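K.L.:
Before I ask anything, here is the structure I am working with.
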Protein chains: 2
Amino acid sequence: MSFTKAAAFAPATVANLGVGFDVLGLALNEPGDIVIAERRDTPGAAVRLIENDGGILPYEAKKNTACVAAESALRLIGAPSGVWLTIQKGLPSASGLGSSAASAVAAAVAVNALFGEPVEREALLPACLDGEAVASGYHPDNVAPALLGGITLATGLTPAQIHRVPVPERLHLALVTPNIAVPTAEARAVLPKLLPLKAMVTQTASVAYLIHTIYSADVAAMGQAMERDGIIEPARAHLMPLLDEARVAAKTNGAHGLVISGAGPSLCAVCDDGDIAAQVAEALRHIYDSTGIGCKAFATRVNEAGARVVATE
Amino acid sequence: MSFTKAAAFAPATVANLGVGFDVLGLALNEPGDIVIAERRDTPGAAVRLIENDGGILPYEAKKNTACVAAESALRLIGAPSGVWLTIQKGLPSASGLGSSAASAVAAAVAVNALFGEPVEREALLPACLDGEAVASGYHPDNVAPALLGGITLATGLTPAQIHRVPVPERLHLALVTPNIAVPTAEARAVLPKLLPLKAMVTQTASVAYLIHTIYSADVAAMGQAMERDGIIEPARAHLMPLLDEARVAAKTNGAHGLVISGAGPSLCAVCDDGDIAAQVAEALRHIYDSTGIGCKAFATRVNEAGARVVATE
């Protein structure tokens, strides 16, 4: 069975989880991007329309993450025709919530749906990575959870190297995206090139402990473990306005930890209750609104399902 | 209730588990050291006798790991008198099986037993660390599993920073100790002082994956995960004779992975069956015996209980 039109949603994601730089990520229930794929006779993928991006995303096929992912997915499934894409952005770019990954994943999933889902979800990972690579190189830490959902641990770029760890039942999140762009390239440029062996030992202990806390479903310890990053956050903190104030506000309101989401400037606070997460989101909103920076702040949970097909016709 | 004499056993341990350098460790059912503590009127600890050490361990109180741990334990519990120690070595020194940690832990546990166990097992950790420090600095990766048993993850030096992870039910181990000494100081001196960020990312992914495989009770994946150390083993491999040959032999005989135990030269192979572990131990024995190096090789399992009091009178 195949269709003339298919739409897919892919969620925002929080990469790194503090100590899990380039390794761990999780999917959020919302927000997310929707990509609609429609058949066209010409082979390959082309962008028909991009909505709600503030006019900043490229229509040129080779520079558009959704388009490159769609092209790669078309090749992967040996599609008999090409696609037009309509990209409905729900995520702001350069916000640290995996915007480029969400578009790439939604495009690949929409293309697969358009042709009757000839391949399994996991098999779309390489196509999604091709799309993400246009924006920020080959990194699975946003793409994997956007595609597969849950909390993912990436030990490499193949589907067999993406591992799901259990989502603690009481895990609630509060997120804030200040109105300031932090380009991923800049956030990577400030990282140290070389590290002392001792710093590596501390970081491996911390990430091992984080996985232990996740399996133990101990959200309080999980929040503390995520914060034990002695390498990435210290190098990037100066790019994140009001980070210290946000952390204090989050904890004062009951969060167990707060980390930079991906390359920032979004911040993610870990809570063990939905009401607390809502209260923490409000406290974070106040931090940025009261200083004139402005922000979006919201409470949400981990999206266990990942990307999904939302319509076919 | 207190006694005039108490004896405690503390097991050999495998530190590092490959990718968990200075962070992970596990206790073995055997071999181990026994320390007998007897009351004496003079305060403090002194060594009466050391058995089976080949004459190499120091009798001087400040240089003997068991004696320093006993002194520290006496202070910790506020003991009313001192102790004489008899140390029965079951472990060879400088073998990578936590020899100094086993003596320190057995001494602390014996002292606590002698005075009627005034403190909990966990509370003895600082005393054990004081003893171990005489031999190789403050490292909990041997001391923690020797004291507490099981597989331990250390995020610091306090009892609250030692975390037990579950022992996979099917985990069996094969060990070999070649007849060659690798002093811990030398094995540390060859390590790189600085590492590329990328190497740190790979190592954190590997150790996170190892904890995931342990919680998944997937012994095959656990063996593979342990071997993914791209930093420590490459730097130390030249100190370990026949490492490559031993790894091939272990895997040919059914092991899922083989790593250097602690600072070596002992090697530890991960198996999922007792018969296979026995066969792997024989294959490892053959490697070293046939080349004239000689060795001890044996199959064993994880010691879940850790150190134990073996006699009081």
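K.L.:
Along each principal axis of its Cα atoms, how long is chain B end to end? Whole angstroms, biggest number first, please.
P.N.:
57, 41, 38
K.L.:
Taking the Cα centre as origin and putting +1 on Lys and Arg beta-carbons and -1 on Asp and Glu beta-carbons, what dipole magnitude results for the protein assembly as shown, to the nearest 20 debye?
P.N.:
With Lys and Arg at +1 and Asp and Glu at -1, about 740 debye.
K.L.:
Something else about it: From other protein chains only, count the Cβ atoms within 10 Å of every residue's Cβ in A:210-216, then give the mean.
P.N.:
Counting other chains' Cβ atoms within 10 Å and averaging over A:210-216 gives 6.
K.L.:
Any idea what log10 I(q)/I(0) is at q = 0.08, 0.10, 0.12 Å⁻¹ for the protein assembly as shown, Debye with uniform C-alpha scatterers and no solvent?
P.N.:
Treating every Cα as an identical point scatterer, log10 I(q)/I(0) equals -0.64, -0.90, -1.12.
K.L.:
Moving to a separate point now. Ordered by residue, what ³J(HN,Hα) values in Hz, to whole numbers, does segment A:11-28 give under the Karplus form 6.51 cos²θ - 1.76 cosθ + 1.60, where θ = phi - 60° and Gly and Pro are x?
P.N.:
Those phi angles translate into x, 4, 9, 10, 8, 5, 6, x, 6, x, 3, 6, 10, 10, x, 9, 9, 9 Hz.
K.L.:
How compact is segment A:215-313 by the rule of thumb for globular proteins, expressed as Cα Rg over 2.2 N^0.38 Å?
P.N.:
That ratio works out to 1.18.
K.L.:
Related question: Per residue of B:19-26, how many C-beta atoms from partner chains lie within 10 Å of its own C-beta, taken as a mean?
P.N.:
4
K.L.:
Taking beta carbons within 10 Å but only from partner chains, what does the mean come to for residues B:74-87?
P.N.:
That works out to 0 on average.
K.L.:
Hey, quick one: spin label on B:ARG40, modelled 7 Å out along Cα-Cβ, who in segment B:1-25 has an amide N within reach, i.e. under 20 Å?
P.N.:
B:3-8
K.L.:
Residue separation times 0.36 nm, minus the C-alpha to C-alpha distance between A:ALA235 and A:LEU191: what's the value?
P.N.:
Working: separation 44, 0.36 × 44 = 15.84 nm, distance 0.56 nm.
Gain in length upon complete extension: 15.3 nm.
K.L.:
Round to the nearest 10 and report in Å² the accessible area of A:ARG164, as given by a 1.4 Å probe over the protein chains' heavy atoms.
P.N.:
100 Å²
K.L.:
Also: Extending each Cα 7 Å along its Cβ direction at B:GLU60 and A:VAL119, get the distance between those two points in nm, one decimal.
P.N.:
Those two pseudo-labels are separated by 6.8 nm.
K.L.:
Pick from A:ALA144, A:ALA106, A:ALA217: which residue has the top mean-square fluctuation in a GNM of chain A where Cα pairs under 10 Å get a spring?
P.N.:
Result for chain A, Cα springs under 10 Å: A:ALA217 fluctuates most.
K.L.:
If you don't mind, there's one more thing I want to ask. Given springs between every Cα pair under 10 Å in a Gaussian network model of chain A, which of A:HIS212, A:HIS172, A:HIS238 has the largest fluctuation?
P.N.:
Judging by the Gaussian network model, the answer is A:HIS238.
K.L.:
Along Cα→Cβ, 7 Å out, is where each label goes; now give me the distance between the ones at B:LEU157 and A:ALA199 in nm to one decimal.
P.N.:
So the label points at B:LEU157 and A:ALA199 sit 2.2 nm apart.
K.L.:
Quick check: the angle from helix B:65-77's long axis to the longest principal axis of chain B, C-alpha only, nearest 10 degrees?
P.N.:
Helix B:65-77 sits at roughly 60 degrees to that axis.
K.L.:
Rounded to the nearest 10 Å², what accessible area does B:GLU122 have for a 1.4 Å probe in the complete protein model?
P.N.:
90 Å²
K.L.:
Name the lysines eligible as straight-distance cross-link partners of B:LYS89: C-alpha to C-alpha under 23 Å, and not fewer than 8 places from it in the same chain.
P.N.:
By straight Cα distance, B:LYS89 reaches B:LYS5, B:LYS62, B:LYS63, B:LYS296.
K.L.:
With a/c under 1.5 counting as rounded, go ahead and sort segment A:108-250 into rounded, prolate or oblate using the C-alpha gyration tensor (a ≥ b ≥ c being the square roots of the eigenvalues; past the cut-off, prolate if a/b is larger than b/c, else oblate).
P.N.:
Cα axes put segment A:108-250 in the prolate bin.
K.L.:
Right, something else. Gain in length, B:GLU169 to B:GLU30, computed as 0.36 nm per residue apart minus the alpha-carbon separation, to one decimal in nm?
P.N.:
Values: separation 139, 0.36 × 139 = 50.04 nm, distance 1.79 nm.
Here the answer is 48.2 nm.
K.L.:
Okay, next question. Hey, if you put +1 on the Cβ of every Lys and Arg and -1 on every Asp and Glu Cβ in chain B, which of B:ALA7, B:TYR59, B:THR300 ends up farthest toward the positive end of that dipole?
P.N.:
The listed residue farthest towards the positive side: B:TYR59.
The values are calculated or read from the model by the stated rules, or taken from the named source; none is laboratory data. Owing to the predicted nature of the structure, the values given are computational and were not obtained by experimental measurement. Using ideal geometry, Cβ is built from the backbone for each residue, glycine included, and neighbour counts are taken over all protein chains shown. For accessibility, only protein heavy atoms count, side chains too; no ligands or nucleic acids. Shrake-Rupley method; radii C 1.70, N 1.55, O 1.52, S 1.80 Å.
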